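What follows is one structure encoded as structure tokens, with my remarks underneath.
Bear in mind these aren't lab numbers, they're just calculated from the coordinates by the rules spelled out. Being a predicted model, the structure only gives us computed values, none of them experimental. Ideal geometry is used to build each Cβ from the backbone, glycine not excepted, and the neighbour counts take in all protein chains shown.
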Amino acid sequence: MQYEQSLGRKEGSADDSFARARRRVYWLLGVWGLLAAALSASNIALRMPRPLIPALIWLPTLAVVVAFARSERVRAVLRSIPLRVLVLYHVVRIVFGVGFVVLYAQGRLVARFALTAGPGDIVAGVLGIAVALWALPAISAARRRVVLAWNVLALADIMLVFFTAQSILFSPDPSRLDRLRMFPWSMVAFGVVALILITHFLVFDRVRLLGRGGVPSRS
């Protein structure tokens with residue numbers, strides 16, 4: 001009887017600990033989102049040193065990866081996010097992809113970036129919807145291969161977009177990307193791309209675990 005009560009207290013304590021960790025992670029995400037929106041609205045990116053722009057993307061991405069690797073609670077919280085949510089976040093890429101093409105058509109964004117980022121992001125977002133509809137839950141090896149293939153292709157696209165942007169940003173005429181350093185487009189640097197990279201990382205982790213039978217197939 002005492003053993004059962006002790007076990008019950010331990011399980012309850014673990015549940016409480018997980019709930020607290022989840023609240024903290026969601027709270028940090030909320031603060032990050034609000035801060036990103038406020039910074040973007042201020043157009044502060046126009047006044048930032050150029051090397052700080054890629055740092056805005058990679059520092060939070062690496063911080064999450066390190067926290068995931070070092071904290072069991074953080075891993076548990078991030079692995080509790082349904083795989084479908086991680087994939088469908090990429091719908092935001094359709095919005096920005098269309099926006100890039102429109103800016104190019106209006107003569108406000110350089111073709112080299114717009115015609116790389118625009119179509120690629122649109123395709124990645126649309127394929128993400130298809131994966132969410134037809135390949136999830138990833139209960140079979142074939143479905144997991146579909147999810148993995150999309151994740152690899154969509155990650156390759158965002159990396160191509162990133163390096164294209166950096167080549168322009170650090171060129172003799174970085175003003176060609178000034179539109180992306182203004183609201184609302186600077187949201188890309190302040191949070192959108194970092195979350196894209198983070199969700200790609202989490203999808204890789206989830207597919208790996210599902211292949212090993214390590215977690216339930218959360219859709």
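In summary, helices (runs of 4 or more DSSP H) completely within region 53-149 and bearing 3 or more residues that are out of contact with any Phe, Trp or Tyr (no Cβ under 8 Å at 6 or more places or on another chain) occur at 83-88, 92-105, 111-134.
Of G211, G191, all but one fail to be farther than 21 Å from G107 by Cβ, touching a Gly at 6+ places or on another chain (Cβ under 7 Å) and in contact (Cβ under 8 Å) with a residue 40 or more places away in the chain; the exception is G191.
Say we look at region 64-111 and pick out the residues that are of a type in the set (V, I, T) and in contact (Cβ under 8 Å) with a residue 60 or more places away in the chain; which of these is surrounded by the fewest Cβ atoms within 10 Å (Cβ to Cβ)? The selected residue is V65. Screening the candidates D173, D178, D157 for the property of being among the acidic types (D, E) and in contact with a helix residue (DSSP H, G or I) (Cβ under 6 Å, 6 or more places away or on another chain) yields one hit, D157.
Tallying residues that are assigned to a loop (DSSP other than H, G, I, E, B) and free of Cβ contacts under 8 Å to residues at least 60 places away in the same chain within region 173-188 yields 1.
When S175 is tested against (1) under 11 Å from H90 (Cβ atoms); (2) small (G, A, S); (3) over 19 Å from the mean Cα position of the chain (by Cα), just one condition goes unmet, and that condition is (1). In the set V207, V131, V192, V203, only one residue is closer than 13 Å to H90 by Cβ and in contact with a Leu (Cβ under 6 Å, 6 or more places away or on another chain); that residue is V203. Among the numbered conditions (1) crowded, with 16+ Cβ neighbours inside 10 Å; (2) under 27 Å from S167 (Cβ atoms); (3) touching a Pro at 6+ places or on another chain (Cβ under 9 Å); (4) among the charged types (D, E, K, R), the only one that R50 does not meet is (1). Scanning region 112-144 for residues that are without any contact (Cβ under 8 Å) to a residue 40 or more places away in the chain, exposed (fewer than 15 other Cβ atoms within 10 Å of the Cβ) and over 20 Å from the mean Cα position of the chain (by Cα) yields W134, S140, A142. Suppose we keep only residues that are free of Cβ contacts under 8 Å to residues at least 60 places away in the same chain and within 17 Å of F100 (Cβ to Cβ) within region 159-172. Which one would you say is nearest to the chain's Cα centre (by Cα)? Per the stated criteria, the residue is M159. Restricting region 36-52 to residues that are in contact with a helix residue (DSSP H, G or I) (Cβ under 8 Å, 6 or more places away or on another chain) and assigned to a helix (DSSP H, G or I), which is nearest to G191 (Cα to Cα)? This residue is A36.
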